[in-house]
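Novice: Take this structure first; my questions come after.
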Amino acid sequence: MNKTGKPTTIKEIARKLKISPSTVSRALNDHPSIGLVTTMRVKKVAEELNYEPNQTAIFFKQRKTFTIGVILPKLSEPFFSSAITAIENVAEEKNYTVLLGQSLDDVEREQHILNTFKKHRVDGVLMSLGKNTNELSFISVMESAEIPIVFFDCVPPISNINKVYCELNTGIKEAIDTFVSHGNTNIALINGPEKLFASIERTASFKSILSDNGLDCNDDYVVHTDLTKEGNIEAIETLLTLPTPPTAILSFNDFVTLDIIKYSRQKGLNIGTDINFISFANYSLWEYIETPPLASIEQYPGLQGKAAADILFNILTNKDKKEIAPEEIIFNSKLILK
């Protein structure tokens, strides 16, 4: 700031040193055409006058804002907090700022965040779709604005886009094998919202792997929850009131499992003997629970977040502006015994 309280300009530095503003600008940017002595003098005066570069002008000149947007369903979930930590670590290495938006699984809110990111000209977007998102026209809109999107975790079931996710077959197979090894053959699935892309994949994998193991695939044993506490209770209640209730349940994530374990205990069932559970996510909370599920399926949120960020920054730092083919990175899910 100068004496008037306004930001110091390059022209003021130039007047004080009796050199041209263009020389000051080059010196501040370590241009090789400016001698070392002049560069040191310019930077010394700039420091004395508390000069700060005009970031807006720099962004305009470079056609970059050095910001990326990240859209997550809910930051309070351990999965996404792990993912955003990995993303921010990569962004910091690249000297980028991360702008975060939570869709809270609300389609209109998700679209508003995308529009805001577009309006503020973020350089790129990392996104995990909300559970109710089925309309994908925003992809072409952002593409037209030259803002690349890389999806992770919950990704669209379409080709020719950048996406990182965890395949489910491996974890589901290991889960079913574990249930069977504990004497369970009546195995159910409490899945997420029925129209969610990940839920559709989960149901298909579950039924296919049951069949591969020679087990009956009872449609009554596949139920859905909207992931609310009420929805979770309704799902487990539906299963436990069947004429032949399941003795083993694979559930959408660990938070769903917490609700259904509590409900099962209230109904007088012994966890681990009357009924067994395995769920997705592998949150650390289970070490504090007296009767944890048999296992949890790891989906590597940190690795997903880092891989997605790496893809995005590869696009953003493509100096030759050559067309880069879309990347699809798939991690194998893994059963973690408790």
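The values are calculated or read from the model by the stated rules, or taken from the named source; none is laboratory data. Just so it is clear, the structure is predicted and the values come from calculations on it, not from any experiment. Here Cβ is always computed from backbone atoms with ideal geometry, including for glycine, and neighbour counts include all displayed protein chains.
Residue by residue, here is whether (1) surrounded by fewer than 18 Cβ atoms within 10 Å (Cβ to Cβ); (2) of a type outside the set (Asp, Glu) holds:
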site: Ser199; (1), (2): no, yes
site: Gly214; (1), (2): yes, yes
site: Cys217; (1), (2): yes, yes
site: Asp220; (1), (2): yes, no
site: His224; (1), (2): no, yes
site: Glu230; (1), (2): yes, no
site: Glu237; (1), (2): yes, no
site: Leu240; (1), (2): yes, yes
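Yes or no, residue by residue, for (1) within 21 Å of Ser128 (Cα to Cα); (2) of a type in the set (D, E, K, R):
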{"site": "Val180", "(1), (2)": "no, no"}
{"site": "Ser199", "(1), (2)": "yes, no"}
{"site": "Cys217", "(1), (2)": "no, no"}
{"site": "Ala235", "(1), (2)": "no, no"}
{"site": "Leu240", "(1), (2)": "no, no"}
{"site": "Ser251", "(1), (2)": "yes, no"}
{"site": "Arg265", "(1), (2)": "no, yes"}
{"site": "Gly268", "(1), (2)": "no, no"}
{"site": "Gly272", "(1), (2)": "no, no"}
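Novice: A further question follows. On the basis of being modelled with pLDDT under 85 and in contact with an Asp or Glu (Cβ under 9 Å, 6 or more places away or on another chain), does Lys64 make the cut?
Specialist: Yes; evaluated as a whole, the condition is true for this residue.
Novice: Would the stretch 147-157 turn up any residue that is surrounded by fewer than 21 Cβ atoms within 10 Å (Cβ to Cβ) and more than 19 Å from the chain's Cα centre (by Cα)?
Specialist: No, there is no match, as no residue in the stretch 147-157 is surrounded by fewer than 21 Cβ atoms within 10 Å (Cβ to Cβ) and more than 19 Å from the chain's Cα centre (by Cα).
Novice: Cβ-Cβ under 6 Å, sequence separation 6+ or interchain: first residue in the stretch 299-320 and within 16 Å of Thr67 (Cα to Cα), partner charged (D, E, K, R). Which pairs?
Specialist: Short answer, once both residue conditions are applied: Ile311/Glu327; Phe313/Lys94; Leu316/Asp123.
Novice: Any chance the stretch 173-193 includes a residue that's in the same structural domain as Ile278 (by TED's automatic domain parsing), within 28 Å of Leu136 (Cα to Cα), in a helix (DSSP H, G or I) and among the polar types (S, T, N, Q)?
Specialist: no
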